[in-house]
Every structure is written in structure tokens, then in C-alpha cells.
Amino acid sequence: MAKTTIYDIAKEAGVSIATVSRVINKSEGIADKTRKKVLKVADELGYHPQAYAQGLARNKKNIIMVVVPVLSNYFFMEVLAGIQDEMTNYKYDLNIFNVGSNSEESMFHEVENILKRGWADGYLFISTHMQEQQLEKLKRHDMPITLIDESFSGSDSVTVNNEEGVQKAMDYFLESGYERIAMISAMKSSKPSKQRIDGYKKALKKADMPVDEQLIMTGDSMYRDGFSEENGYEAMSKLLELPNPPEACFCSSDIQAVGALKAMKEKGVEIPVIGYDDITISNYIGLSTIRQPMYDMGMYATKRLMNKMKNSKLTPTHKEFTPELVLRSSTDV
């Protein structure tokens, strides 16, 4: 059965949509007879006012929209948990819009169309990774936006220092005496992958170690931009087939590390592995990892967006979280 809307109430009560909206929002200037009639019809139709309807009379949607490119990504789910928990402190509904990721240009046009339609009062963009000139164009729509896992001087943004995180993992391996350290990367053209590869290379150069491009491996599966179990499994399988396999391995994400561990188990090989993210499953399988505070990032970004919506004159700020090395049994080899 379709959900009852204010349009249905207006039709049944024989009044305008504006009148229904004013009744729902308890506005003044409505005759008692009309108010009682609208409320009676609403009750008979089983209507429950949503935040969207409550905001119509104030020219507000009472909606915050989260825009994500890959909804099933574990990183997004952890960030969303923080957003949703923080949203309970406000009288807003939360909508999620999944944009396609076929190309950077097509994603930009999708995002711009969302803003043009004015579906929400504020927007949280998670890992959309657009170019600065594209983000600059979005400012023309004069909508409150907070970026997560992305930084731009013209907008509020929340990130984690990817390079620093990878360097912490690499420093641990290097200090433990390992020399041939591999890196399992996701899609190398994505911003997080580029930043993590840069961190990997910088750590080796800092230690006066050569960078062997053969040891920077990715799988063939590019589902979720390569941040998947399949990609990690394929990449580790390739690494173990090298004439001179690695002694240790850093994985660009925990979920890739899960696949990498499976590949090692099948081949009867054990080398220390460190992932990246610290998703919930990592604790249960003993995966050492670089923890990025995904939940906190979601909460902080939501607070910042709400403050911006209250005061549009606030100067945009950038918050960078510091990642943390968490050691578990996957490095006890």
C-alpha cells in the first residue's frame, strides 16, 4: 500500500496542500473547523507527519542528504553509522543517494543535478573525489555541503591522513627487519589509493630502501574500486607467484586483507599482514590494521554541517584525523 501524503489529505478534505501543510505545522490563521477536518482525515488515512512535511511551511525540507558513490563499501557503512547516530540529535530526516561511479565527469553531473533539484537542506558528500574545479562549480548553488574523505578549501571537509597511516604500517615492518614489503592497492587512479601508494613509497625512501614496482600489486576485480575481498585475494595470489615473494604485506583496506589472508592459507604461506580501516570484522579475525576513525568522521561532519546550516557565514574549515596502528595476531608471524 502506498504511503499517505499531504496530497492525499488535501484531496480527501477538499482543501489546498498549503492548508494541510499549515495545519500539520500548527500555524496560526486556520479556522478551527478546517483544522479539525484536516486532522480527522489525516487520522483516518493513517498519516504520520514526517520531517519533510513539517518543513514545507518554512520553505525547508528538513532533510539531510548523504551522497555516496558505492553504498556497499565497508568504509561508507562505518561513516554512515556516525552520521545516523549524530542525526538523532536533530529534527531532520536522512536520505541516502547512491551516485554512479562510471567516470569522474558523469559523477559530477549527477551530483550537480542533485543540488539543482534542491532535495535537501544540507548535503554530506562521502568519497566523491571530484576535481577542485568541479567542486568550485558546485559552490554556485549556494547549498551547505560538508565533504568526508575529501578536502577542498571552499567547503567544510573531514579527512584522515592516509600517507601518515601507511607510513606507520611501513615503519613497523621496517623496524621489524623486513625488507621486501609488498603493498596490495585498490584501483590505482582513485585518490585514497594514490595517497596510500605515496605513503608506501615515501616510507621506503626515508629508510633508504628501493621501491620495487612489482611489489605494488592489485587484483583484477574492480568491484567497489578494488576495495573488495576478491581484489585482495587476486593480488596476494600474484605476489606469492613472484620468483622472489614478499616478506610482509600492507593492504590498502581491511577487506582486501581478508582476501589476502585466504590466498595465503590456500598456498600454505604465512607472512605478516597489516590492513587499513579497522572495520568491525578485523578485531574478530586478529587483523593488524591502521585505524581511521570512520564513525567519528561521520559524527564530526554532521555536526559541522548543522552548524553551517544555522550560520551560513561560518568560515569553511578542514578537520584532519590522525590514523592509529593497531597490532593483532596477523603480524605475529
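The values are calculated or read from the model by the stated rules, or taken from the named source; none is laboratory data. Nothing here was measured: the structure is a model prediction, and the numbers come from that model. Here the Cβ is made from the backbone with ideal geometry for all residues, glycine too, and neighbour counts use every protein chain on show. These area figures cover heavy atoms from the full protein model, side chains too; ligands, DNA and RNA do not enter into them. Shrake-Rupley method; radii C 1.70, N 1.55, O 1.52, S 1.80 Å.
Structure notes:
- Degrees between helix 229-240 axis and first principal axis of the chain (Cα, 0 to 90, nearest 10): 10 degrees
- Acute angle (nearest 10 degrees) that the helix 294-310 long axis makes with the longest principal axis of the chain, alpha-carbon atoms: 40 degrees
- Given the chain, longest segment not containing exposed loop trypsin sites (Lys or Arg not before Pro) (DSSP; at most 11 other Cβ within 10 Å): 92-312
- Stretchable slack from ASP212 to LEU327, in nm (0.36 nm times residue separation minus alpha-carbon distance): 38.8 nm
- Listed residues THR322, THR289, THR280, most fluctuating in the chain (Gaussian network, C-alpha, under 10 Å): THR280
- Solvent-accessible area per residue for the chain (1.4 angstrom probe, square angstrom): 49 Å²
- A value for P(r) over Cα pairs in 20 Å bins from 0, in percent was derived from the coordinates, and within the list [x] 32, 52, 13, 3, 0; [y] 28, 45, 20, 6, 0; [z] 31, 60, 9, 0 it appears as [y].
- Listed by chain and number, the aspartates and glutamates placed with their C-alpha closer than 18 angstrom to that of LYS267 are GLU229, GLU230, GLU234, GLU241, GLU247; residues fewer than eight positions away on the same chain are left out.
- Surface calculation, 1.4 Å probe, protein heavy atoms: GLU320 sits at approximately 100 Å² accessible.
- Listed cross-link partners LYS139/LYS303; LYS168/LYS194; LYS33/LYS61 are compared with a 25 Å cut-off, the Cα-Cα value being larger for LYS33/LYS61.
- To put it simply, the accessible area of the chain at a 1.4 Å probe is 48 percent carbon and sulfur.
- Taking the DSSP bridge list for the chain and keeping only pairs wholly inside it, about 10 percent are antiparallel.
- By the helix-only formula, in which each DSSP H run with n ≥ 4 contributes -39500 (n - 2.57) and the sum is divided by residues, the chain has a 222 nm mean residue ellipticity of -13500 deg cm²/dmol.
- Cα long-axis angle, helix 254-267 against the chain (0 to 90 degrees, to the nearest 10): 40 degrees
- Hits among aspartates and glutamates - C-alpha to C-alpha of LYS310 under 13 Å, sequence gap 8 or more where chains match: ASP121
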